[in-house]
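Structure record follows, encoded as structure tokens.
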Amino acid sequence: MTKALLVFDGECRFCTSTARWIELRSGGAIEARAFDDASVPTELAADRRRAHLVGGTTVRHGGAAVTGALRHVRGGRVAAVLDLPGVARLRDAVYRLVARRHGPHAAREDASEAGARRVAPPR
């Protein structure tokens, strides 16, 4: 059995923990790799806006990649519901929301906000 490759944003703690959770619970069906891993195909590493799942000749992106990966987790067949047309639109909207909150730009925004809070107001 060939492992599917789940490519994710390794700078995002939420993304990393989710990818590792899926990898550990997939029974060896999923191999999770961060964008900057040398084994990740260049064309996937270049598109850092969303996760990717490569399985055979099929490549899924964003919410569809996460749904595809979740199908390999014990009890994950239920995730197929997330691919239904109306539900898939909602899944993709939630994925974009989470990506904006936890992606590489969010980390910088959070750091700058934290830095702003640490600066004492002028007297």
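A short reminder: the numbers here are calculations on the coordinates, not readings from a lab. All figures in this text were calculated on a predicted structure; none of them were measured in a lab. Note: ideal-geometry Cβ built from the backbone for every residue, glycine included; neighbour counts use all protein chains shown.
Amide H to amide H distances under 5 Å link E31 with A4, L5, L6, where only residues 5 or more positions off or on other chains count and H is placed in the peptide plane. Multiplying the residue separation of A93 and E31 by 0.36 nm and removing their Cα-Cα distance gives an extension gain of 19.8 nm. Using the Cβ of D36 as centre and a radius below 14 Å, the other residues enclosed give a net charge of -2, where K and R count +1 and D and E count -1.
Placing unit charges on the Cβ atoms only, positive for Lys and Arg and negative for Asp and Glu, gives region 32-104 a dipole magnitude near 320 debye about its Cα centre. Charge tally around G10: other residues with Cβ under 12 Å, Lys/Arg +1 each, Asp/Glu -1 each, net 0.
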